[in-house]
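Following: one structure in structure tokens, then a few remarks.
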Amino acid sequence: MPSAGPLRLTVSMYRGPAPDAAARLLLNDKLPEVGVPTEALAGARTWAGTDAQPPQRRFPLLVLSPGFTIPRTELTNLAEDLTIRGYAVALSDRTYENTGTIFPDGRTSTCVLCGTLTPDSDWAGIVANRAKDASFVVDRLTTRPRRAHLVDRDRIGMAGHSTGGAATVPALLSDARSRAGVNLDGRLDHNSADGRPCADG
């Protein structure tokens, strides 16, 4: 799937308020007793920049999905590494599923679903929704004039960590445009669209 040779292609990052509020929510949830300062996370340096102008050619597209309760920024390092190797990468945040999502107007949502999912059917619904969302992202990136000309429609893949990884299999099964998938530590005990198990839990 990757193109030959390394390529420096910068990710288009989030535009909006500084991520201090989302960083604080993440730190409070994951490291409540440690007292890590907000700026240690919110001020982390990346190699990405806003409004990068990629070369005018087509790139294999990879849609990345983070784990449950985790914002997309957890996968920034992976996304940057993949873009350097010639991929176009789309990271999607999971509003109401992660510790905090910042909207362009400055509002910050919290994790509405945290601590509420217990039966397997709840998790199956989350995974199914993520698969649908991944298809929606591919729809947008392959039809919008501003970006569609950069996507190689014959080389589209899905990947994710934990719950995001678990969503990879149903995304591949439900969207024929996706030709490859990577599941990083996600469970594979959901069912396919026709009810057959994809794998044992």
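Things worth noting here:
- Cleavage-rule hits, trypsin sites (Lys or Arg not before Pro), region 44-144, DSSP coil, Cβ neighbours within 10 Å at most 12: Arg45, Arg57, Arg107
- Loop chymotrypsin sites (Phe, Trp or Tyr not before Pro), region 49-112 (other Cβ atoms within 10 Å of the site Cβ: 12 or fewer; DSSP): Tyr96
- Long-range HN-HN contacts of Arg85 with modeled amide H, under 5 Å: Leu7
- Annotation: amide H of Gly67 within the under-5 Å range of His161, Gly164, sequence separation 5 or more or interchain, hydrogens built in the peptide plane.
- Between amide H atoms placed 1.01 Å from N, distances below 5 Å from Phe59 occur with Val151, Asp152, all of them 5 or more places distant or on a separate chain.
- Kirkwood-Stokes translational diffusion coefficient of region 46-174, alpha-carbon pairs, 25 °C, 0.890 mPa s, µm²/s: 158
- Leu61 accessible area, 1.4 Å probe, all protein chains in place, Å² to nearest 10: 0
- A simple rule links phi to the HN-Hα coupling: the Karplus curve 6.51 cos²θ - 1.76 cosθ + 1.60 with θ = phi - 60°, which for region 138-146 gives 4, 3, 5, 6, 9, 10, 6, x, 5 Hz, with x for Gly and Pro.
- Hydrodynamic radius of region 109-194 per Kirkwood, over alpha carbon pairs, in Å: 13.8
- When Rg and Dmax are taken over the Cα atoms of region 50-118, they come to 14.6, 47 Å.
The values are calculated or read from the model by the stated rules, or taken from the named source; none is laboratory data. No experiment lies behind these values; they were computed from the predicted model shown. Counting neighbours? That spans all protein chains shown, and the Cβs are built from the backbone with ideal geometry, glycine included. Please note that ligands, DNA and RNA were not included when accessible areas were found on the heavy atoms of the full protein model with its side chains. Shrake-Rupley method; radii C 1.70, N 1.55, O 1.52, S 1.80 Å.
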